[in-house]
Structure formats: structure tokens, C-alpha cells
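Each remark here refers to the structure printed beneath this line.
The values are calculated or read from the model by the stated rules, or taken from the named source; none is laboratory data. Given the structure is predicted, the values throughout are model-derived calculations rather than measurements. Because the Cβ atoms are built from the backbone with ideal geometry, glycine has one as well, and the counts that use them run over all protein chains shown. Side chains included, ligands, DNA and RNA excluded: accessible areas come from the protein's heavy atoms. Shrake-Rupley method; radii C 1.70, N 1.55, O 1.52, S 1.80 Å.
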Amino acid sequence: MSFTTLQTDWRASIERRLTHTRAFVDDTDPDALAVVLVSMGSLLAAFVGFLLASAWTAVPLGAFLIATGYGWARHQALLARAVTFAMTTVTLITLGLIVVFIFAESIPAFQYETTTVFGVSVPGFGMFAQARWDAVSEPVRYSLLPMIHGTVMVTTIATLVAAPLGVAAALFIAEIAPPRVRELVKPGIEILAGIPSIVYGFIGFTVINPWASGAFALNGGSTYLFVGMVVGLMALPTVVSVAEDALTSVPDVMKNGSLALGATDWQSMTSITLPAAFSGVSAAVLLGVGRAIGETMAATVMLAGVPRISEPLVNVFYGYETLTSLIARGYGSANGVHESALFAAGVVLFVTVLCLSIGSQYIEARMRRRLGGAE
Amino acid sequence: MSRVTQTALVRDDRTLYEAAAGLAVGLSGVAFVTGLAALLNIVAIDDPVAGLELSVLFGVVLLGLGATTVGFGVASRFDYVETGAQPSAGIVAAAAFTAIWLAVGAAVSGAAGLGTVGQLGVGVFLGAAAFATTAFPREDIGSTMPAGAVAVLCGLALVTGVVGPGWEQALAGYNATLFGDTVVPAVVLFASLVTGWSAAKAYGGFGARGRNVGAYVLTYLVVGSILAVLVGLVAFVTVRGLPGLFNGFSVGGAGLLSWPFLTNGAGLLADIAGVFPALLGTVWLVIGAVLFAVPTGVGAAVFLSEYAEQGRFTGAVEVATNGLWSTPSIVFGLFGAAFLIPRFGNQKSLIAGMLTLGFMLLPLVLITSREAILAVPDEYRDASAALGVSKWQTIRSVVLPAAIPGVTTGVILGVGRIAGETAPILLTMGGGVLPAKSAAPNVLGGFQLSASPPFVSNPALLEATSALPYQLYALITAGLSGNIQNPQEYAWGLALTLLLVVLVFYAIGIGTRYYFRRKLHQ
């Protein structure tokens, strides 16, 4: 498409919008329109006021409440549409604000860790090019590598636990279990998702850590092995519920065809259901990985809290620090560049998990398309 | 779903074989459970059982299981019994046994003192042998021989006492030591799993049916262990927490009910330290988050499913919602600390915690509400429209009431989830380790009006407040000590209270779902 046609296209679309809007304005009761405009305008003003931390935020907020209250009594239909639209934008705004605020707070740390690579100075490169994190004694450096190593260790072990068990349990619920057993297992796994992570952490701290210390003759009881297993248990329900959704979304026609040919249940599962739902199941595992990466409290309570890379690299018997536990442990007492470095850890976490989430959504969307809109 | 039926033709000469295989599966199960008990220190591996040390007995059982497993394969291969064995055990089994034997070879040669090269050599040799044995002969040999050999090897090691009580092996460079107390149960768990699967295949007569049985045994075991972990966790916290929770509990007397753990603070004035301020903090936290997230989430779900046309905007909202759902809770905490705290008096406060948890609750409410609204049949909307009812009236009086069960369930489960969250409120709400009763938030009585901006204020909302999960974390970081009589008991009581609060939400949520579903199906 050439530039001019693109431009005219664009113009035409705007003109169409304008005519639409004009027609809408002409059709609508001017009183209703005024109320909605006042209500939405004051809501916007209140939001801006809050962003600027103005003490006057209460004024537009009050105006919004009054206008909405009046409009609710007189012009409910139009106002409801406007208000629900405003509510819809909240998720987008929240995500946008998270991005803006944690990135903004992390800038000083990225600047502090600027390193020159091939004559070009790259901000933040020093966080990944060396392995020293020390916020107190000279030289003060903020490398995230030890914590990334910890997160990778914990996440790997957690995935080894959660992925096979989760997929097996999802298969059980979706395909194998008799209805009665399913009614027992499904809520059971939901409840497992509800056990607070600090309770897991508490059990880990008071029971598992002392046990591991004795059972393997360790210095202290913090191990990536058992943190990973606990985190895997926590990520398990996510894997189960998403994978189960994927498995049940495979049309029955496909399974019945296989069974009618004389295949056993297991044959139908491995050669029809699992391949058809493969992308959905892998999306479930990705989401489980995301949960494991973001799990905070159990890691914070059970790990030693020393930013260090274990020796040798795969030593699962010692656990030092993950990205999440670094933030949880350090936030209250940190300030200046140190605090900013914690935000940088948050940025790494946020970006990684967001990529996993978007990736799994993409995979799921592709699977839906391939199964012919079977949702 | 079809259940494989067993015809009389297949059954005839196989009853004894099947019985033996069934027995082997059962024995493997018993060995697995006992091994688990030994791992959890419920029984010791040097306990005498029937004149033998438990670890030696384990060895005898594994030897027997291994030999029987091989026997099943041989009996089938030489046509003593008729089975449906296929030409090969398949690539999955071959890969699994290769990995197992590679690991076994490396571990055994490592313990025997061979270097890395030796370990690798032995491992690769045994792995290759296992691959050949699994992949090339007929299925009945391929899926029993390597499995039985694993069990026999493990059994021999235990019977001869090469590995047993008192055995230890330092892991060079890892600064850790393996002891018989953990290795013996681990070996038993692993070997019984392998023989259990193999015997289950034999029970099914190999072939498609055998694989079906083998896979089902493993799946049932997985699900059973998950449920066992769940029950074990809850039971463990309950047993440890009950003494603290019911400390000084009495019925009758001056008040009808006296429950000091839930109604006292932890100050010097209280004889029995309680968790009242944190409990009230959690209650207000949940109320605040619900007040923010539920109207917003339901409104957004209504807009997305009733008004908006599917397009770029709805797509973006969907991606953002799912992104928010999977955002780590600690990132929400950072966001709350950077965004909300400077706007509410520059200190950790109850309202900052409420809003942070509200942001976390929002995607949960939005996703479940949207599903519930989409599940309302279009016929309802069409019927309403055919009566000449306007769109908004239809939504208000037809769609929303029909969607309420789903929305309620989603909200309750979401609340259960955020009520136990620690990381966000750790960064935004804070509070004391052992708050006195006077530190409990007084939100309702705290509202003040003033003539200067911001006109409305509530000091209770702007103060650092404790909540159950935060207090548990604070107690742990304080090393489970404090100015109270029995900090350990107090902490377990606190953990049980938190668990109960969350489980009650889940129970109500799941109960509501069943109630409405049953009503729908009547």
C-alpha cells in the first residue's frame, strides 16, 4: 500500500468516526450527554489529580460521584455504558502505570551499573556482566546474576515437579476420573492453590529446613532443592487448571472416533487428546513457570538471604537468594540506588513473566484456531 | 468413554498370572508407602521387623519384586500365558529406561570411586544396554527386564548392607553428605515405582491394554500423592496450631464465649496474646480490595462482553488482564510502594495495601465475571430484546442475575487468594510484629471532615496496619521470639488462623458453585 492511499484511508476512517459521533450526538438527549460528559470529565480530572498527588483530588471525585448519582437516576443506560467503559480501561491503565512506575524507579540503578562495551556505554549492562552484589561495602555493585541464578535453580526444580505431576493430574481430571472422584479431586487442587505461600514458607522454615540440615549434613538448612519442590507444589494448581481446560476443549468427536476404532482410553489420550491439546498444555506449563518465577514468600523465608552463586553451579543443597526474595527482604531498609536496584530486579521479573504470559496466550489462541473455534 | 471390557477368551488361562501380577502391584504399593514413612522418619530403617532390619527387609522385597517382574516378562515371552504383547515396548519406555540406567550407572560407579570419565563410561554403557533391552525385544521382555533389573540391583544393595543404616557418602565439592536414612527410602520409593508400573503392565497383559493399566496406576498414584500432600499439610498445621488457637478458650462464664486468641492483642496488658489486630487488619484489607475490584471488574466484564465489538481494544484489554493475572505479587508490591505510598502520606498505610490487593484481585474478578456473562445463553438476551426491552434493561434484569452465581464464586475464590498474600502488603502496609489491641484499625469511627483539602480524611486508613500473613512473616523474621509467653505456639496458632480464614473462603466459594449448579440442573 502506498503512502497516499494509506493517508486517505486514515482520513476516511477519521471522517467516518466523526460522522458517527455527530449522528450519535444528534440522536442523544442533550441533558444525558451533558451529564455523561461531566461525569467522565471529572473522573479524568480526579485521576490526573491523583497522579499529580494533588490535595484537591477530592473535588473532581466528588463532582464525579454527584454527576454519576444524578445521571444514574435520570439517564441510566447511557451512563452505564460510559462507566463500564471507564472500568474497562482500568486494567490497561494499571498495567501501564506498573510499567511506568517500576521502570522509572529502576533508572538510577541502571545508570549506576553503566558499563562500556566495545566503546559504547550501555546502561544496566554491569548488572549482568559481573557477579557482585554488595550494597554496603566498597566496591558497591548491584549485579543481578546471583539472584537470576537462584531464580533459575528454583524455577527449574519447581517445573520438574509441577509439569509432569500437573499434566498427569489434568489428564486424570479431564479424562480418567469417574465423575464422583473428579468432584473430589478438582476442589482439592483448587484448595491447594489457596494455601497461603507464607504458610508453606512457615512449614519450610520450621520443619523442612532443620530436617534438610540434618539429613544431608549441611551448613544451615537453606536449599534450592526443597525451596524448588515447595514452589513446584504451589505452581501445580495453575498447571492443572489451565491444562485441564485445554484437554476438555478438545472436541469429543475426535476422542469418540478414536474409541470407536477400538483404541484404549490411554491410546486415545496419547494419540488424540494430548497432541490436539499440546499447545494448550504447554501454555499451562509456561504459566506454571511464570508462577514459580514470581513466587516470593516461601523463597524469602526458606533461603539464606546471601546474594551468592552456589559452588558448583548446580549445587542444589545450598540456597542463597532469588529475585523475589531479594526484593521482599531488602525493600524496607534500602534507599537510594540500592532501592532502585530492587526495582531493577522487579523489572527483570515483570518483563520475564509478562513475556511468558503473552507467549502462552499466543499459543492458546493458535490452538483454538486450529481446533476450529472449539472454545 | 469406553471401559475396556474383558472377554472370556482372554481371561481363561490368565487368572493365576493376573493374580500374581496384581499381588506384585499391591506389594509395590505397600513398599512405596512404607518407604515414604521411612523418609518422613515415621519408621526408622534399622527398626527390626520379623527378625530383620527394615532396610534388609526392603531389600528382600525389592529382590522378590524384581525377580517376579522379570518372570512375568519371561512367562509371556515363552507363551506360558497368552498376552497381547507388541513387537517393541516403544520409544518412550526406551528413553525412560536409558535415562534411569544411565543415572544408576553413574551413581554406582561414582560411589565405587571411579572418576568423571569412568562414571560417564559406565553410565553410557548401561544406558545403551538398557535401551537395547527395552527397544529391540518384544514388549513383554522390553518393559519387564530393565525394570526388574533395577529392582534386583537395589534389592541386592540393601540386602548385602552395601547401602543401609549407617551408610554415608560425602558428595565431593557439594559440601553435603548422603546418609542411609534418606537414601534407603529414596531407593525403595524409586524401585517400587518402577516395578509397580511394570507389574501393572503385566496385569493388563501388555499391549494396548497393558499400557492402559500401567499408565492408570501411575496417574492414580500422582493424584493420590497430591491429595495426600494437601490433607497432610492441612492436618499438620491444624495439629500444631490448635493449642495456640484455643489457648484460654472457654464457653460460658461472664461472656457467652471467651476466645482470647482471636479477641486479644499481644501487648503487655493481655494475659493471653492474641491476633485480633491482624485479624481485623485482614478483614478491612479484604473489604477494601473487594470494594475497589468487584465493581470495576464486573463493570469491565459487562462492557467487554455486552457493548464492545471484538477488536483491537478488547484484544489489548484481554492481554493486559492476563498479563496482570500472572504478574508476580512482589511486583504489585513494588508498584504499590512506588505509586500509592507517596500519594497517601508517604508511609505504609492500610489504604495502600487495600488498593494494591485490589489491583491484584481485579484481573481475577474480570476473568471469572466475563466467563460467567458469556455463559449466559444468547436466547435470554434475544427473548428480552424481542419483548422490546432496551439493551441496558436486558443486561440489568436478565444477563447480570443469570451470571451472578459465576461472579460470586469467582469473587470468593479470588478473595481467598488475596487474603493470604504477603508480598504486596509487606511493601505497602507493614505494621507491628506483635501489635497491641489498641493498634487494631478503627476505620468506621475514623472518618473526619475538614474545611481544607483533601476535605475527607481517615487516620485509620493512613496508618501502617498488621494483617495475618504479614504478622506471620514478621514473626518468622524476628526468629520466632518476642515478648510473649510461647512464641512458637503463638506462631502456629496464627498460621492456623490464616489457613482457616482462607479455607473458609474457598469452602464457601466451592459450596456456592455446587449449590447453584445443582439448582441449575434441577
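A few remarks follow.
- Here the condition is being over 26 Å from A:Glu295 (Cβ atoms), more than 9 Å from chain A (Cβ to nearest Cβ) and either in contact with an Asp or Glu (Cβ under 7 Å, 6 or more places away or on another chain) or of a type in the set (A, V, I, L, M) (or both); of B:Ala301, B:Ala316, B:Ala385, B:Ala289, it holds for B:Ala385 alone.
- Scanning segment B:270-302 for residues that are farther than 19 Å from B:Ile412 by Cα, surrounded by fewer than 24 Cβ atoms within 10 Å (Cβ to Cβ) and hydrophobic (A, V, I, L, M, F, W, C) gives B:Ala270, B:Ile272, B:Phe276.
- Residue in segment B:89-110 that is within 17 Å of B:Ala147 (Cβ to Cβ), touching a Pro at 6+ places or on another chain (Cβ under 7 Å), assigned to a helix (DSSP H, G or I) and of a type outside the set (Ser, Thr, Tyr) present: yes
- Every pair of residues 6+ apart whose Cβ atoms lie under 6 Å, when the first sits in segment A:96-124 and is within 14 Å of chain B (Cβ to nearest Cβ) while the second is modelled with pLDDT of 85 or more and surrounded by fewer than 20 Cβ atoms within 10 Å (Cβ to Cβ): A:Pro108/A:Val337; A:Ala109/A:Val337
- Selection within segment B:319-353 - under 30 Å from B:Trp392 (Cβ atoms) and more than 7 Å from chain A (Cβ to nearest Cβ): B:Trp325
- Among the candidates A:Val240, A:Val285, the residue that is farther than 24 Å from B:Asn175 by Cβ, touching a residue at least 60 places away in the same chain (Cβ under 8 Å) and more than 11 Å from chain B (Cβ to nearest Cβ) is uniquely A:Val285.
- Candidates B:Phe78, B:Phe58, B:Phe72 - the one that is over 20 Å from B:Leu189 (Cβ atoms) and open to solvent by less than 30 Å² (accessible area, probe 1.4 Å): B:Phe72
- Residue count for segment B:127-159, restricted to those that are open to solvent by 50 Å² or more (accessible area, probe 1.4 Å), touching a helix residue (DSSP H, G or I) at 6+ places or on another chain (Cβ under 7 Å) and free of Cβ contacts under 8 Å to residues at least 40 places away in the same chain: 1
- Taking the numbered list (1) assigned by TED's automatic domain parsing to the domain that holds B:Gln471; (2) surrounded by 19 or more Cβ atoms within 10 Å (Cβ to Cβ) in turn, B:Gln310 passes all entries but (2).
- Within segment B:163-174, residues that are more than 18 Å from B:Gly59 (Cβ to Cβ) have Cβ atoms under 8 Å from residues that are open to solvent by 60 Å² or more (accessible area, probe 1.4 Å) and in a loop (DSSP other than H, G, I, E, B) in these pairs: B:Gly173/A:Glu311, counting only partners at least 6 apart in sequence or on another chain.
- Selection within segment A:114-143 - within 27 Å of the chain's Cα centre (by Cα) and of a type in the set (D, E, K, R): none
- Residue in segment B:161-174 that is assigned to a helix (DSSP H, G or I) and either within 14 Å of chain A (Cβ to nearest Cβ) or in contact with an Asp or Glu (Cβ under 7 Å, 6 or more places away or on another chain) (or both) present: no
- Out of A:Val36, A:Val48, A:Val59, A:Val25, sole residue that is part of a helix (DSSP H, G or I), surrounded by 20 or more Cβ atoms within 10 Å (Cβ to Cβ) and hydrophobic (A, V, I, L, M, F, W, C): A:Val36
- If you go through segment A:180-218 and pick out every residue that is open to solvent by 20 Å² or more (accessible area, probe 1.4 Å), in contact (Cβ under 8 Å) with a residue 60 or more places away in the chain and aliphatic (A, V, I, L, M), you end up with 1.
- Per-region count, segment A:301-323, residues over 17 Å from A:Ser143 (Cβ atoms) and facing chain B (nearest Cβ under 8 Å): 5
- Checked against (1) open to solvent by less than 40 Å² (accessible area, probe 1.4 Å); (2) farther than 30 Å from A:Ile195 by Cβ, A:Val231 meets all criteria but (2).
- Restricting attention to segment B:226-244, the residues that are open to solvent by 50 Å² or more (accessible area, probe 1.4 Å) and of a type outside the set (A, V, I, L, M) total 3.
- Members of segment B:202-212 that are open to solvent by 30 Å² or more (accessible area, probe 1.4 Å) and either within 25 Å of A:Val239 (Cβ to Cβ) or not assigned by TED's automatic domain parsing to the domain that holds B:Gly148 (or both): B:Arg211
- Scanning segment B:471-511 for residues that are open to solvent by 30 Å² or more (accessible area, probe 1.4 Å), farther than 15 Å from B:Leu245 by Cβ, in contact (Cβ under 8 Å) with a residue 40 or more places away in the chain and part of a helix (DSSP H, G or I) turns up B:Phe505, B:Ile508.
- Contact map, segment A:40-63: first residue within 9 Å of chain B (Cβ to nearest Cβ), second residue open to solvent by less than 50 Å² (accessible area, probe 1.4 Å) and at pLDDT below 85, Cβ cut-off under 9 Å, separation 6 or more or different chains; pairs are A:Phe50/A:Thr57; A:Ser54/B:Pro453; A:Ala55/B:Pro453; A:Trp56/B:Pro453; A:Thr57/B:Pro453; A:Ala58/B:Pro453; A:Val59/B:Pro453.
Each row is one residue, and each column tells you yes or no for (1) over 30 Å from A:Ile98 (Cβ atoms); (2) free of Cβ contacts under 8 Å to residues at least 40 places away in the same chain; (3) within 14 Å of chain A (Cβ to nearest Cβ).
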position	(1), (2), (3)
B:Ile395	yes, no, yes
B:Ala402	yes, yes, no
B:Ala440	yes, no, no
B:Ser450	yes, yes, yes
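Yes/no per residue for (1) acidic (Asp, Glu); (2) more than 8 Å from chain B (Cβ to nearest Cβ):
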position: A:Ser143; (1), (2): no, yes
position: A:Met153; (1), (2): no, yes
position: A:Ala158; (1), (2): no, yes
position: A:Val167; (1), (2): no, yes
position: A:Glu183; (1), (2): yes, yes
position: A:Ile189; (1), (2): no, no
position: A:Pro196; (1), (2): no, no
position: A:Pro210; (1), (2): no, yes
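- Pairs, first more than 13 Å from A:Ala177 (Cα to Cα) and more than 7 Å from chain A (Cβ to nearest Cβ) in segment B:217-231, second in a helix (DSSP H, G or I) and polar (S, T, N, Q), C-beta under 9 Å, six or more apart: none
- Condition met for B:Ser397 (in contact with a strand residue (DSSP E or B) (Cβ under 7 Å, 6 or more places away or on another chain), open to solvent by 20 Å² or more (accessible area, probe 1.4 Å), farther than 29 Å from A:Gly201 by Cβ and in the same structural domain as B:Gly336 (by TED's automatic domain parsing)): no
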